[in-house]
Amino acid sequence: MNHLDLLTFARGSALNWALIIFVAGVVLRFFEIFGLSRKTDLARPRTDSPGSGWRTMFTRSIPPQGMLKREPVTYIAGYVFHLGLFLAIFFFAPHIEFFRSITGLTWPALPSALVDASVVAAIVALAVLLAHRLNNPVKRMLSGFGDYLAWTVTLLPLLTGYMAYHHLMLEYTLMLSLHIFSVELLLVLLPFTKLFHTFSVFVSRWYNGDFFGRKGVAS
Amino acid sequence: MSATLEKGLNAFKEVIDTPIASYFSSCVHCGLCAEACLFYNETGDPKYTPIHKLEPLRRVWKQEYTLLGKLGKMLGLSKQVTDEELSEWEPLVYDSCTMCGRCSMVCPVGNDITYMIRKMREGMSASGHAPEDMKSATARAINIGSPMGIKWPAVQAQIKHVQAETDIEVPVDKVGADYLVLMSSMEIINFPEYLSALSRIFKQAGVSWTLAPDAFEATNSGIQIGASDLAREIVSRIVVAAERLKVKCVISPECGHAFTAIRWEGPNLMGKPFGFEVKHILEVLDELHAAGKLKTEGKDKRPLTYHDPCQITRRGGVVEQPRRLLGEVAEDFREMPDAGVMNWCCGGGGGVSANSRAEPLRLEVFKVKKRQIESTGVHTLITACANCRIVMEEGLEHYHMKVEVLGLTELLAEYLVEGE
Ligand code: SF4
Ligand code: SF4
């Protein structure tokens with residue numbers, strides 16, 4: 001198999017399988033969550049605060065009073081990483097082209113240099129977060145194989161994407177294939193690791209916001 | 001009813017609902033919840049990380065309610081929850097969690113960790129892994145009617161005392177009164193001022209109220225230990241009395257967890273919405289004040305600060321009321337750092353104060369309250385929970401701090417305009 005065949009495979013059946021597992025996994029995980037019951041709260045809410053759950057989905061991204069100062073590394077590196085990754089996934093011209101090919105939708109891209117910078121920032125942030133995870137006693141205690149696996153499979157697409165773009169180390173076609181494979185690995189593992197928070201965070205934040213909203217406390 | 005591991009594990013399975021499944025699914029192991037918890041902050045010991053306190057419950061969720069976990073269990077790859085493990089977790093779930101709710105405000109993915117601890121205690125108590133002191137307090141609440149073993153005659157003695165002191169009749173068993181007043185054991189034993197303050201305020205405001213001999217105790221040990229069947233029995237006494245006396249509203253006393261027990265958990269324990277309202281005493285006082293029925297005269301000259309009880313403020317939504325009331329009677333009111341919904345717990349909530357084994361730890365984590373109070377420079381501390389009050393008085397004494405603690409109702413009564 002030459003490099004071009006490999007790329008064809010990466011873009012073809014490998015991608016299809018990865019997407020199938022990804023979608024099926026996400027659906028399964030949501031079934032696992034919503035398949036359980038939830039009793040309606042019979043206590044009269046303090047105020048009708050419609051939308052408290054929906055608002056919390058967004059407001060929880062802001063550090064609560066005093067927390068940024070307590071844990072600046074987690075917050076700042078966390079923001080940089082999430083933002084960098086988001087820009088790289090959705091605003092890199094070739095990625096938009098890919099999304100157009102499967103969904104038909106398109107939107108303006110950011111200049112490549114900017115995407116490049118955000119990828120570098122995201123990689124640096126990931127490195128900082130790993131160092132912090134290894135050094136901070138709380139994080140170290142909470143971490144297991146799954147956490148380091150999640151870290152690795154998140155880093156790989158960023159790293160291979162960066163190297164492919166800059167034609168580093170390996171021949172471009174090969175590197176691009178590796179980049180696509182790494183994304184596929186991420187897709188396959190996402191539903192079954194803590195990376196699933198990408199989706200479930202909206203559910204958990206909703207419940208939290210609803211709880212506090214009923215009690216008249218904005219969260 | 002004997003407690004067994006099997007019952008405990010079944011209780012774990014039963015309490016896991018959609019929110020809990022979403023919380024465990026979302027946790028990214030960022031550790032931020034630890035930063036919010038007074039037990040971690042004051043000791044620096046990572047085992048006090050809030051989400052870590054739930055580890056056995058998390059594994060039951062994973063093994064029972066996720067496909068991967070079930071596969072792991074079938075292949076014998078996963079570690080089962082054992083009695084030894086639950087014994088090890090008992091101090092984490094009871095002694096080092098006051099269910100203060102701070103972690104739930106901070107978790108970036110929105111996990112309501114406090115809610116999960118409350119639920120986890122159901123399995124802990126069903127498997128026999130609850131602190132002895134809390135077991136006996138719950139037994140007293142069920143058999144005698146109050147966790148501290150107080151009976152109605154003790155309340156009667158206090159009523160007599162109040163009547164002699166204030167010359168105001170304390171109504172008992174008055175059908176058709178607007179309000180049913182509850183008290184906590186702590187108040188009955190330690191703070192008789194509350195009942196006398198209330199009698200005077202209500203007389204001046206023209207409020208129709210009553211006490212009930214079969215439902216004077218507001219606290220609920222069943223909730224703290226995590227035994228919903230017992231919690232229901234305790235709440236039902238209040239519901240029965242409120243319905244019998246046809247009151248419009250039940251007033252939860254200056255007690256934090258009693259408010260959570262009746263206001264928020266009560267209807268859910270009973271399985272039906274209440275036909276009456278439940279309000280915390282501060283809400284009632286604030287309403288009387290807004291209606292111009294609570295008139296005060298003069299202001300307290302002492303610099304003072306207010307400690308927000310967790311269950312009343314963060315978990316109960318009574319935030320502005322005490323500040324409005326204090327504005328009327330305090331000349332130099334100073335907020336502590338982090339006051340309001342992010343206030344730090346006194347260290348004795350969630351049954352911790354009833355658990356003598358937890359005392360050294362409770363005194364250690366009081367350091368955060370100490371710093372908060374010191375930064376305001378006051379020597380008078382107002383609060384609205386008899387449990388916080390006792391816990392803080394002990395903490396203040398332990399650290400040789402000269403600070404007086406008062407209930408807000410009592411402070412208001414001092415400046416009441418009477419006899420108009
Ligand atoms: S703060 Fe939330 S996401 Fe972070 S470790 Fe605690 S529970 Fe998990
Ligand atoms: S509820 Fe309070 S005491 Fe309990 S784990 Fe959370 S922050 Fe700590």
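Summarising the label geometry, the points placed 7 Å from Cα in the beta-carbon direction at A:Thr103 and B:Glu418 lie 7.1 nm from one another.
Build a GNM of chain A with springs between Cα atoms under 10 Å apart, and of A:His82, A:His179, A:His95 the one that fluctuates most is A:His95. Summed over qualifying helices (DSSP H, 4 residues or more, each -39500 (n - 2.57)) and divided by its residue number, the protein assembly as shown shows a 222 nm mean residue ellipticity of -17500 deg cm²/dmol.
Among the residues of segment B:73-112, those with an accessible-area drop of 30 Å² or more from chain alone to full protein complex, heavy atoms and 1.4 Å probe, are B:Met105, B:Val106, B:Pro108, B:Val109, B:Gly110, B:Asp112.
Surface composition of chain B: carbon plus sulfur atoms contribute 52% of the solvent-accessible area (1.4 Å probe, protein chains only, all chains present). Calculated accessible area for segment A:148-219 comes out at 40 Å² per residue, all protein chains present (probe 1.4 Å; ligands, DNA, RNA ignored). Residues considered: B:Thr18, B:Thr313, B:Thr166. Largest GNM mean-square fluctuation over chain B, using C-alpha springs under 10 Å, is found at B:Thr18. Between the helical axis of B:386-398 and the longest alpha-carbon principal axis of chain B there is an angle of about 80 degrees. Solvent-accessible surface of segment A:29-81, averaged per residue with a 1.4 angstrom probe and all protein chains in place: 64 square angstrom.
Once the partner protein chains are put back, segment A:63-112 shows a loss of at least 50 square angstrom of accessible area, versus the chain by itself, at A:Gln65, A:Met67, A:Arg70 (probe 1.4 Å, ligands and nucleic acids excluded). Mean sequence separation of contacting Cα pairs (under 8 Å, at least six apart), scaled by the length of chain B, corresponds to a relative contact order of 17 percent. Rolled with a 1.4 Å probe across the full set of protein chains, the surface gives A:Tyr207 an accessible area near 20 Å².
Kindly compute the accessible surface that chains B and A hide from a 1.4 Å probe when together, both sides summed, and give it to the nearest 100 Å². The B and A chains share an interface burying roughly 4500 Å². For chain B, take the longest principal axis of its alpha carbons; what is the angle in degrees between that and the long axis of helix B:281-290, to the nearest 10 within 0 to 90? Approximately 40 degrees, to the nearest ten. For the segment B:262-268, counting C-beta atoms of other chains within 10 Å of every residue's C-beta and taking the mean gives 4. Counting only protein heavy atoms and a 1.4 Å probe, segment B:297-382 has 34 square angstrom of accessible area per residue.
Rolling a 1.4 Å probe across all protein chains gives A:Arg60 an accessible area of roughly 10 Å². Comparing the full protein assembly with the isolated chain, the residues of segment A:125-153 losing at least 50 square angstrom of accessible surface (1.4 Å probe) are A:Val138, A:Met141, A:Leu142. Rounded to the nearest 10 degrees, the angle from helix A:145-165 to the longest Cα principal axis of chain A is 40 degrees.
When chain B is treated as a Gaussian network with alpha carbon springs shorter than 10 Å, the biggest mean-square fluctuation among B:Gly271, B:Gly347, B:Gly256 belongs to B:Gly271. Cα centroids of segment B:33-57 and segment B:262-332: 30 Å apart. For segment A:148-219, which whole-number percentage of the solvent-accessible area (1.4 Å probe, protein heavy atoms only) is attributable to carbon and sulfur atoms? Here carbon and sulfur together make up 77 percent of the probe-accessible area.
For segment A:66-143, carbon and sulfur atoms together expose 76% of the accessible surface, with a 1.4 angstrom probe and every protein chain in place. Peptide A:191-198 has a mean shielding of 3, counted as Cβ atoms of other protein chains within 10 Å of each residue's Cβ.
Within the protein assembly as shown, the cysteines lacking any other cysteine Cβ closer than 4.7 Å to their own Cβ are B:Cys27, B:Cys30, B:Cys37, B:Cys97, B:Cys107, B:Cys249, B:Cys255.
The values are calculated or read from the model by the stated rules, or taken from the named source; none is laboratory data. Just so we're clear, the structure is a prediction, and the values are computed from it rather than from any experiment. Cβ atoms come from the backbone with ideal geometry, glycine included; neighbour counts cover every protein chain shown. Calculation scope for accessible area: heavy atoms of the full protein, side chains included, ligands and nucleic acids excluded. Shrake-Rupley method; radii C 1.70, N 1.55, O 1.52, S 1.80 Å.
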